[in-house]
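> Before anything else, here's the structure in question.
What follows draws every value from the coordinates through simple rules; no lab data is involved. The structure displayed is predicted, hence computed values, not measured ones. Virtual Cβ from ideal backbone geometry, glycine too; neighbours counted across all protein chains shown.
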Amino acid sequence: MSSQAAFSAIASPPEQSPEQRVVLQGVSWHQYELLLVTLGDDFPALRLSYLESTLEIMTNSPLHEELKSMIGMLMEAYFQETRTRFHGIGSATFRQAAKQRGLEPDECYCLGGKKELPDLAIEVVLSSGLIDKLDIYKGLGVTEVWVWEARKFTLYHLRSDSHLERYEQVESSELLPDCDIGLLASYIKLEEQFDAVMAFRDQLRAN
């Protein structure tokens, strides 16, 4: 597989769908890394997810970008208002050759100080994925993944049982136990970003 061939498969997505995805099988780790270097920062709307020789390439829609930015602003407001030390990494690419896994979260954070891998990752889902991102996150060892889909968050916490790791769906965050997820979700208002973030800050102070 050449990087040019991989890109040409998704360069002109149909207009009717907000996001387009293509899955390529039999992609080597070297080819995946080459594609990351080739695309670089020139195609910020593309997201690459790699899982054991399977590569998914997705084009992000403007709505997807708005949602991830809105959630990011609210998360940073929460950290600041509650004096929770954090290090934001945004949509940086995380990968581990030994686990044959790599991806770019929509938003991600280290709690405390900067670390090699984030503690918390956030995924915005507008359309069904063709690759299991939780499997990728599990291999990378990300403690919690929050998935925004259908106007609500679903939370997953990484468990280790008898040397086996799996994600368990949880009602509240174990990394941020004082974070009211329902309250956070209620302030995701794309048409009034500034007012929503300020109102969220006011609510946190009142609590």
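> With surrounded by 13 or more Cβ atoms within 10 Å (Cβ to Cβ) and touching a strand residue (DSSP E or B) at 6+ places or on another chain (Cβ under 7 Å) as the only criterion, which of LEU130, LEU176 stands out? Please lay out each step first, then the result.
Values: LEU176 fails: touching a strand residue (DSSP E or B) at 6+ places or on another chain (Cβ under 7 Å).
Step by step, each of LEU130, LEU176 is checked, and only LEU130 is surrounded by 13 or more Cβ atoms within 10 Å (Cβ to Cβ) and touching a strand residue (DSSP E or B) at 6+ places or on another chain (Cβ under 7 Å).
> Let me ask you something else. In region 179-207, which residue that is exposed (fewer than 13 other Cβ atoms within 10 Å of the Cβ) and aliphatic (A, V, I, L, M) is nearest to the chain's Cα centre (by Cα)? Outline the logic, then answer.
Taking region 179-207 as the starting set, the residues that turn out to be exposed (fewer than 13 other Cβ atoms within 10 Å of the Cβ) are 182, 190-192, 194-195, 202, 205-207.
Of the ones still in play, those that are also aliphatic (A, V, I, L, M) are 190, 206.
Numbers: LEU190: 18, ALA206: 30 Å.
Per the criteria, the residue is LEU190.
> Quick test of your reading of the structure: THR54 fulfils all but one of (1) within 21 Å of VAL197 (Cβ to Cβ); (2) surrounded by fewer than 21 Cβ atoms within 10 Å (Cβ to Cβ). Name the failing condition by number.
Status for THR54: all satisfied but (1).
> Within region 179-207, work out how many residues are within 25 Å of LEU134 (Cβ to Cβ) and assigned to a loop (DSSP other than H, G, I, E, B).
3
> Could you tell me which of the residues GLY72, GLY102 is under 13 Å from the mean Cα position of the chain (by Cα) and closer than 20 Å to LYS138 by Cα? Don't jump to the end; show me each part of the working.
Values: GLY72 fails: closer than 20 Å to LYS138 by Cα.
From the options GLY72, GLY102, the qualifying one is GLY102.
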